[in-house]
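A.B. asks: My structure is below; once you've seen it, I'll send some questions.
The values are calculated or read from the model by the stated rules, or taken from the named source; none is laboratory data. Computed from a prediction, not measured in an experiment: that's the story for all the values here. Methodologically, a virtual Cβ is constructed for each residue, glycine included, from the backbone with ideal geometry; neighbour enumeration extends over all protein chains shown. We work out accessible area using only protein heavy atoms, side chains counted, and drop any ligands, DNA or RNA first. Shrake-Rupley method; radii C 1.70, N 1.55, O 1.52, S 1.80 Å.
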Amino acid sequence: MANHYHARVNSASMSASLLYLLVPVGVGASLYVIRKLREWKWGWVRNNTPLRGKVYIITGANTGLGYETALALATRQATVIMACRSMDRAGEAIRRIRQKTQEGELIPIELDLASFASIRDFSEAIKSRYPSFDCLINNAGLAMQEPTYTKENYEVHFGVNHLGHFLLVDLLKDNIRANAARIVIVSSKMHERAKIDFDNLGKWVERGRGDRFNNLYNNSKLMNFYYARELYKQGYNVHVLCPGLCHTDFFRSYNPKWYHYVMFAPVVLLFLRSARQGAQNIIHCATDNVNTEEKNPVTGYFVTNVEQTKSKMKFDEETSERLWRESFKALNV
């Protein structure tokens, strides 16, 4: 009788142990499947056609999305001009790329989008050395917690994310038109939460109490989209995109605490893409995306998940045209 009782206890104990083992395995397997389904939905560029002879300019090419884009294009034998603020970091990025591929040509040229003088020097270097480029990728951007300003004293979300690229395109516009070059503009889906505050354009505005979002960053991404719309109206081959929420050093100024990692673990699982995955949208816009009469920046379409998607933002022409005028005024400091 006692032996029978002990056998039952041992059997129950083994069943419980097996259950404790299988539950985490099952949860882990489920999470893995969910993650892989998300990655499939986000999309990948399948075209591996060689790009030998093509020249791509990428701002902010030494890190994050810019680095992954440079790596992918070089792997396909393109010439990549890496427009970076730090030549040391550009050199380090090139060394990392060369550990993965010997294809393509990688050319670092200094560019600080927070300085009009640096932007002008860079554009002159492009005009003299690589006038026949095929694509300009306006990738560089930042999000800051503390007040930070450009050399011309504009807060950096406006000054770098929007105005720096605005000046760069204007300086290279003759080459862009002559080459029928693509312009790729990295915006964000956060543009749908933004508005253009013309009264405080270029000024640092502190967040209101309870604001969960960096409104200055969001507003700059809306400016990117409005800018793409105006360029498209003028006949440029322009493509605007959202790479998605990506794991890069983009938010390096935020210094998250340990509990933030715990709180955002579900977000990481469901929404955080690798830099390589986010860069697929940039690569697609730089090589394959085709605007149509129905789907283009003016009609409110942008690329995300490697396909054209309709923005929820209600764009208006008065704001679009006014931002263009105000941006030119801001260049004349």
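A.B. asks: Sort out for me the helices (runs of 4 or more DSSP H) sitting completely within the stretch 211-288 that have 3 or more residues that are modelled with pLDDT of 95 or more.
C.D. replies: Correct list: 215-233, 275-287.
A.B. asks: Taking the stretch 69-92 as the search range and keeping residues that are in a helix (DSSP H, G or I) and more than 16 Å from Arg276 (Cβ to Cβ), which one is least open to solvent (accessible area, probe 1.4 Å)?
C.D. replies: Across the stretch 69-92, the extreme among qualifying residues is Ala90.
A.B. asks: Restricting the first residue to the stretch 209-227 and requiring it to be charged (D, E, K, R), which pairs with a second residue that is surrounded by fewer than 20 Cβ atoms within 10 Å (Cβ to Cβ) meet a Cβ separation below 8 Å and a spacing of at least six or different chains?
C.D. replies: Going by the 8 Å Cβ cut-off, the qualifying pairs are Lys221/Met190.
A.B. asks: Tell me the residue from Asn214, Asn219 that is open to solvent by less than 30 Å² (accessible area, probe 1.4 Å), farther than 21 Å from Lys127 by Cβ and in contact with an Asp or Glu (Cβ under 9 Å, 6 or more places away or on another chain), please.
C.D. replies: Exactly one residue qualifies, and that residue is Asn219.
A.B. asks: Given (1) out of contact with any Lys or Arg (no Cβ under 8 Å at 6 or more places or on another chain); (2) among the hydroxyl-bearing types (Ser, Thr, Tyr); (3) under 28 Å from Ala114 (Cα atoms), identify the lone condition not met by Thr292.
C.D. replies: With respect to (1) out of contact with any Lys or Arg (no Cβ under 8 Å at 6 or more places or on another chain); (2) among the hydroxyl-bearing types (Ser, Thr, Tyr); (3) under 28 Å from Ala114 (Cα atoms), Thr292 is out only on (3).
A.B. asks: Among the residues of the stretch 129-138, count how many are open to solvent by 10 Å² or more (accessible area, probe 1.4 Å) and of a type in the set (Phe, Trp, Tyr).
C.D. replies: 1
A.B. asks: Looking at Gly141, is it surrounded by fewer than 15 Cβ atoms within 10 Å (Cβ to Cβ), in a loop (DSSP other than H, G, I, E, B) and of a type in the set (Gly, Ala, Ser)?
C.D. replies: No.
A.B. asks: Step by step: first the residues of the stretch 306-326, then only those that are crowded, with 19+ Cβ neighbours inside 10 Å and within 25 Å of Asp134 (Cα to Cα), then the one that is farthest from the chain's Cα centre (by Cα). Which residue is that?
C.D. replies: By that ranking, first place goes to Gln308.
A.B. asks: Under the condition of being in a loop (DSSP other than H, G, I, E, B) and touching a helix residue (DSSP H, G or I) at 6+ places or on another chain (Cβ under 7 Å), which residue from the stretch 152-180 is surrounded by the most Cβ atoms within 10 Å (Cβ to Cβ)?
C.D. replies: Across the stretch 152-180, the extreme among qualifying residues is Tyr154.
A.B. asks: Could you list, in sequence order, the residues of the stretch 293-305 that are open to solvent by 40 Å² or more (accessible area, probe 1.4 Å) and touching a residue at least 12 places away in the same chain (Cβ under 8 Å)?
C.D. replies: Residues satisfying the conditions are Lys295, Val298.
A.B. asks: Being at pLDDT below 95 and surrounded by fewer than 17 Cβ atoms within 10 Å (Cβ to Cβ): is that true of Val333 here?
C.D. replies: Yes; evaluated as a whole, the condition is true for this residue.
A.B. asks: Anything in the stretch 93-124 that is in a helix (DSSP H, G or I) and crowded, with 16+ Cβ neighbours inside 10 Å? List them, or say none.
C.D. replies: Ala93, Ile94, Ile97, Phe116, Ser118, Ile119, Phe122, Ser123 - these are the residues of the stretch 93-124 that are in a helix (DSSP H, G or I) and crowded, with 16+ Cβ neighbours inside 10 Å.
A.B. asks: Mind counting the residues in the stretch 269-302 that are more than 19 Å from Gly235 (Cα to Cα) and in contact with a Pro (Cβ under 9 Å, 6 or more places away or on another chain)?
C.D. replies: Residues that pass the stated criteria total 8.
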